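The values are calculated or read from the model by the stated rules, or taken from the named source; none is laboratory data. If you're wondering where the values come from, they're calculated on a predicted model, not measured in any experiment. Cβ sites come from the backbone with ideal geometry, for glycine too, and all protein chains shown count toward neighbours.
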Amino acid sequence: MTTFLDLNQVSVVREINAAVVNVSGRQRMLSQRAALFALRLVCTQDSTEQAQCRQELLAAIDLMEKSHNGLIHGNSEMKLPGHPSAVVQGMYFESPLHLDRQVRTYINEARLLAQATLGELTQNNPHLQYILKVAAKDLLEALDTVVSQYQQESDAEQQAIDVHLAELYQQSCETAATAQAQAQQLEQALHEVCSYQAQLVQTEKMSSLGQLVAGVAHEINNPVNFIYGNLNHATTYIQDLLEVVRLYQQYYPQAVPQIQEQLEAIELEFISEDLPKMLGSMKMGADRIRQIVLSLRNFSRLDEAEMKPVNIHEGLESTLLILQNRFKAKSGGHNITLIKEYGNLPLVECYPGQLNQVFMNLISNAIDALEEIPNHKGEITIRTELSHPDSITIKIADNGSGITPEVRKRLFDPFFTTKSVGKGTGLGLSISYQIVINKHGGILKCESVLGQGTEFYIHLPVKQNECLIVSNNPAIATF
């Protein structure tokens, strides 16, 4: 007997799960945002900016408290059901995390700092010191742990729904066994629905990541631009002051003893040489941060619905920036060496955010493959070249253990994965295949030799023909 799922209920469950995961993740961002406003409040001397920092600090803390209460007790406005699982309850109210106590203490300390008098707003303020300390480690780690648990529970519930859908699919196939032609049509339709559903779930996750990255980049960009812009003025002012000092030394060479002693004490000659160098280094560092912010913004272009000519290397670099931490060694292992051999490529007409998603999947898989080999000096090589006047090739290779021919045949099948439960969904390569083949009219293939490594090839046309663009337009595509 065939059973049915209430699709409205499924939609509600998914919406609630998404809200819980997003709000719990927002707590992490709000804790860091509050720490930033707290630091700006103490560091600024401008009364108007101080008042604004107090307001922004209190606003972030109020939202953090509202979200925290909603996660525990529920909030219909935020679509939070409350009543978390026993595991999450333990994380909030039991050792070792006691997250409820940590969050409420953090909120209280932030409010006390926001109410502090001008004389109390120093870098040694105990409320500020507490905020900076826990925001950098204890609270951040605790929030990450709870977010991870919420995500696991959401994934488990989603997996149960998918299993139920798979069971329904099997029942439908058995029911339609008497009519072979009809069964084939049914199988194809269900396969496309499941594939599209999986792509939507993955796209929503990548879109959330893109929004988070864009938000962080925006928050960093404002203070960095302020620092970078003022460095030019500071350099000019200091050069002017040093020039005045030089003129005094030229026209009044015989300084009074007290001034001469002070000049020797501060080592004026050394300061004159070192200060411009120090300002240059500071400007170079600020410029590097601006470049990083630009890369983060480039990676976060996941919601662009139209094709445009883009620099493929910018997409690769922004993806590598996101994954930079994963190239570092873990627990006694070796760092993964990254080799970049970029060719001279023209601008390529594509969906940049979707290609960034492909790069993220392929490079992440390469890192995963290398991390599975103990004490292995892993290498990942990324090559780009103009393989034809009208097409380019991107090669992403690793020197890992390689892939067997049997596994290689199923690499791009939806839900197929060789990773353990909880570490892979089997959707990354399938979605990458759909993006390269269906969305861009390209080619995605894999070559691998056991014991030597694996290499993925992405072939893309430089320009898309009008027929392909129309058929792949997300607004009119059919499934």
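Structure values in brief
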{"quantity": "Subset of the stretch 438-461 (residues that are of a type in the set (Phe, Trp, Tyr) and surrounded by fewer than 22 Cβ atoms within 10 Å (Cβ to Cβ))", "calculated": "457"}
{"quantity": "Filter result for the condition that a residue is among the β-branched types (Val, Ile, Thr), under 27 Å from residue 13 (Cα atoms), in the same structural domain as residue 17 (by TED's automatic domain parsing) and surrounded by fewer than 18 Cβ atoms within 10 Å (Cβ to Cβ), over 145, 122", "calculated": "145"}
{"quantity": "Residues being hydrophobic (A, V, I, L, M, F, W, C) and closer than 16 Å to residue 108 by Cβ - total across the stretch 42-58", "calculated": "2"}
{"quantity": "Sole exception among (1) at pLDDT 65 or above; (2) surrounded by 14 or more Cβ atoms within 10 Å (Cβ to Cβ); (3) in the same structural domain as residue 279 (by TED's automatic domain parsing) for residue 203, by number", "calculated": "(1)"}
{"quantity": "Any hit, the stretch 362-369, residues being closer than 28 Å to residue 162 by Cα, touching a residue at least 60 places away in the same chain (Cβ under 8 Å) and of a type outside the set (A, V, I, L, M, F, W, C)", "calculated": "yes"}
{"quantity": "Which listed residue is in contact (Cβ under 8 Å) with a residue 60 or more places away in the chain and either surrounded by 11 or more Cβ atoms within 10 Å (Cβ to Cβ) or closer than 30 Å to residue 223 by Cβ (or both), from 234, 286", "calculated": "286"}
{"quantity": "In the stretch 248-265, residue modelled with the highest pLDDT [restricted to those that are aliphatic (A, V, I, L, M) and exposed (fewer than 10 other Cβ atoms within 10 Å of the Cβ)]", "calculated": "265"}
{"quantity": "Single unsatisfied condition, residue 462 versus (1) modelled with pLDDT under 75; (2) in the same structural domain as residue 381 (by TED's automatic domain parsing); (3) among the hydrophobic types (A, V, I, L, M, F, W, C)", "calculated": "(1)"}
{"quantity": "Selection from the stretch 81-124 of residues that are more than 28 Å from the chain's Cα centre (by Cα) and of a type in the set (D, E, K, R)", "calculated": "94, 101, 109, 111, 120"}
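Quick grid of which residues meet (1) surrounded by fewer than 21 Cβ atoms within 10 Å (Cβ to Cβ); (2) among the aromatic types (Phe, Trp, Tyr); (3) in the same structural domain as residue 461 (by TED's automatic domain parsing):
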{"position": "325", "(1), (2), (3)": "yes, no, yes"}
{"position": "359", "(1), (2), (3)": "no, yes, yes"}
{"position": "371", "(1), (2), (3)": "yes, no, yes"}
{"position": "378", "(1), (2), (3)": "no, no, yes"}
{"position": "390", "(1), (2), (3)": "yes, no, yes"}
{"position": "407", "(1), (2), (3)": "yes, no, yes"}
